[in-house]
Amino acid sequence: MAARLENFNAGDDYKIVDVIGEGAYGVVCSAIQQSTGRKVAIKRILPFDHAMFCLRTLREIKLLKYFQHENIVSILDIVKPATLEDFTEV
């Protein structure tokens, strides 16, 4: 687990617990949202070849935040890097 989570930045409000899945597009971890104590899943999408693809994916994720349905996983937060140069993954 340590090697897969070495560079996993989930932001200050989340404490990573364990890796729960891996696939072609990224890694999913279980975590605790420290401000609420809520158990959450965090998906880290692997680095993109070009920043434009990352921005497109971010746009789609932002749109998903507005969907509220029992069959759609809710998005609580998006952790973005401080600068565009560091923006290679979501």
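The values are calculated or read from the model by the stated rules, or taken from the named source; none is laboratory data. Computed from a prediction, not measured in an experiment: that's the story for all the values here. Reconstructed Cβ throughout: ideal geometry from the backbone, glycine too, with neighbour counts over all protein chains shown.
Among the residues of segment 55-62, are any within 19 Å of residue 23 (Cα to Cα) and polar (S, T, N, Q)?
There is at least one residue in segment 55-62 that is within 19 Å of residue 23 (Cα to Cα) and polar (S, T, N, Q).
Residues of segment 58-89 being of a type in the set (Phe, Trp, Tyr) and at pLDDT 70 or above, which ones? Steps first, answer last, please.
We begin by selecting, within segment 58-89, every residue of a type in the set (Phe, Trp, Tyr); these are 66-67, 87.
66, 67, listed by residue number.
What number of residues within segment 30-68 satisfy the criterion of being in a strand (DSSP E or B) and not hydrophobic (A, V, I, L, M, F, W, C)?
Looking only at segment 30-68, we keep the residues that are in a strand (DSSP E or B), and these are 30-33, 38-45.
Subsequent filtering for residues that are not hydrophobic (A, V, I, L, M, F, W, C) retains 30, 33, 38-39, 43-44.
Selection size over segment 30-68: 6.
Within segment 24-39, identify whether any single residue is surrounded by fewer than 10 Cβ atoms within 10 Å (Cβ to Cβ), of a type outside the set (Lys, Arg) and touching an Asp or Glu at 6+ places or on another chain (Cβ under 6 Å), and answer yes or no.
The initial filter retains those residues of segment 24-39 that are surrounded by fewer than 10 Cβ atoms within 10 Å (Cβ to Cβ), namely 24, 35, 37.
Within this subset, residues satisfying the condition of being of a type outside the set (Lys, Arg) are 24, 35, 37.
Restricting the remaining residues to those that are touching an Asp or Glu at 6+ places or on another chain (Cβ under 6 Å) gives 35.
The answer is yes; a qualifying residue exists.
Name the pairs whose Cβ atoms lie under 9 Å apart, with the first residue in segment 67-78 and within 15 Å of residue 13 (Cα to Cα) and touching a residue at least 40 places away in the same chain (Cβ under 8 Å), the second of a type in the set (Asp, Glu) and assigned to a loop (DSSP other than H, G, I, E, B), and 6 or more positions between them or separate chains?
Hits for this filter: 77/13.
List pairs: first in segment 4-15 and under 13 Å from residue 37 (Cα atoms), second exposed (fewer than 14 other Cβ atoms within 10 Å of the Cβ) and at pLDDT 80 or above, Cβ under 7 Å, 6+ apart or cross-chain?
That search, which allows pairs on different chains as well, returns 13/34; 13/35; 14/34; 15/34.
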